[in-house]
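Reviewing the structure listed below.
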Amino acid sequence: MEGRLLRPPRRLVRDRVHVLFRRAGGAACRGRGERMNVGVFSLMQWPQDRSASRVFGDEIAQAVEAERLGYDRAWFAEHHFSRYGIDPAIHLTVANVAARTSRIRLGTAVTVLPFLPPIRAAEELATLDILSDGRIDWGVGRGYQRHEFDAFEVDITESRSRFEESLEIIFRAWQDGAFAHEGAHWKFGPVDVLPKPLQQPLVSPPLRSGSLGVYPRIPTYIAAISPDSVRWAAEQALPLLADQFSPFERLAEGRTIYHDAFRAAGHTGDLPEAVALRQVYVGGTREEARQLAVPALLWYYRMLAKVGSPARHGEELPESYEAYKVFSVLSGMTEGTEEEFLDFLLNEVAIAGDAKEVADRITALHEVGYPSVICWMNFGGLQHADTLASMRRFVDEVAPELPR
């Protein structure tokens, strides 16, 4: 069973990553012909039936097991102040997992940039890259949970401008030599940020007007829900990290939007990688999978409806978060439309079934331009043993059926 998804030995891992920037299909946005890249994901959700230390222990153990089984990646999410996700310091968690593993690539999905001084973020990620022997994939986003912004006293309407300025600072900090910066949110004199990341891109796409003007040394994935965010990622020629909320059709549309914006910006060559994040459970039968997955999905979406909105209760969504209208659907789900919501969820968003159904649904993602999938297998507080069983079934029964 060990190592069935991935083959390369450790010495090749650092070289292999640079292909990820330019591997996700040609002009038609298709992934056909490429071996799928499959990872696992942890949000550190905290149901009432276990301790916080058990949550961390189980999910770190799952990441270590993912390496043994041959998964390509293990990514971790940052959240604050609720049981929706109790890992506020994912860079520490990634460092812990790096010390327990040697091959699997480790990432964030995502580091919330408006909450962290950019120079500090540049230092932490460069250090992580060194400690992990160049195994870091860095997913970044601007955040969306209003209660987190309020607690950190950050204006949510500034999240986009803070995100973009922060990313430019971090990318520049990873280059050789000192630099100074004066922007809308940060200003500092010449500083040489040390250490520098271990990784260096072997191939950087030509940067056109409208881009950040510098390319990252650590593979950087832009989390995007709104069409505007997808276009911005394409203009920067940066890989896309698609969200776990969007139905299949919207994911396909997002890849088309990315392709068109990438070409309009003047970039040439293959599209950068696209990663789809999906809740996945592989059961021995379809019935078994749904029996376990449905209560966990309901726990997750009820919690998301409670804490996840970018708007305070009774307020309109901020203009830059219009794509988050999905939260009105989630609120409705808790008010009596649960059956309809579950039908939509299980057919369009989450993937819960036997091995054939899971393989077919993931292959469909590959066909519309997502050759990389992060499988969230412990969503909603699924028990540790059930999560491990799903991870192992995926390797034994799903992986052999995926595009190679």
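Read-outs: derived from the displayed coordinates by stated rules, not from any lab. Since we're looking at a predicted model, the values are computed, not measured. Glycine also receives a Cβ, built like all others from the backbone with ideal geometry; neighbour counts cover every protein chain displayed.
At a Förster radius of 30 Å, what calculated FRET efficiency corresponds to the Cβ-Cβ distance of Arg54 and Asp192, to the nearest 0.05?
With a Förster radius of 30 Å, E is 0.10.
Give the distance, in whole Å, between the Cα centre of the range 138-165 and the Cα centre of the range 65-93.
First find each Cα centre; the distance between them is then 20 Å.
Among rounded, prolate and oblate, which fits the range 359-404 when a ≥ b ≥ c are the square roots of the eigenvalues of its C-alpha gyration tensor, a/c under 1.5 means rounded, and a/b larger than b/c means prolate?
oblate
Which loop-located GluC sites (Glu not before Pro) does the range 143-191 contain, where loop means any DSSP state but H, G, I, E or B and the Cβ has at most 11 other Cβ atoms within 10 Å?
The qualifying sites are Glu153.
Taking the Cα centre of the chain as the origin and placing charges on Cβ (Lys, Arg +1; Asp, Glu -1), which of Gln279, Gly213, Pro117 is farthest toward the positive end of the dipole?
Gly213
Under a GNM of the chain (C-alpha, springs under 10 Å), which listed residue has the highest mean-square fluctuation: Gly134, Gly183, Gly314?
The residue that fluctuates most here is Gly314.
Arrange the following residues from fewest to most other Cβ atoms within 10 Å of their Cβ: His147, His267.
Arranged by neighbour count, lowest to highest, His147, His267 become His147, His267.
According to the square roots a ≥ b ≥ c of the eigenvalues of the Cα gyration tensor, what is the shape class of the chain, taking rounded for a/c under 1.5, prolate for a/b larger than b/c otherwise, and oblate for the remainder?
Rounded, since a/c falls under 1.5.
For the range 10-401, give the share of DSSP beta bridges that are antiparallel, in percent and rounded to the nearest 5; count only bridges with both residues there.
Here the antiparallel bridges make up roughly 10 percent for the range 10-401.
Is it possible to state the helix-based mean residue ellipticity at 222 nm for the chain, with each DSSP H run of 4+ residues giving -39500 (n - 2.57), the sum divided by total residues, to the nearest 500 deg cm²/dmol? What is it?
-12500 deg cm²/dmol
Give, rounded to the nearest 20 debye, the magnitude of the charge dipole that the range 10-401 has about its Cα centre when Lys and Arg contribute +1 at Cβ and Asp and Glu contribute -1 at Cβ.
That gives the range 10-401 a dipole magnitude of about 1220 debye.
Among Gly314, Phe81, Ala237, which residue has its Cα furthest toward the positive end of the charge dipole of the range 10-401, with +1 on Lys/Arg Cβ and -1 on Asp/Glu Cβ?
Value computed over the given set: Ala237.
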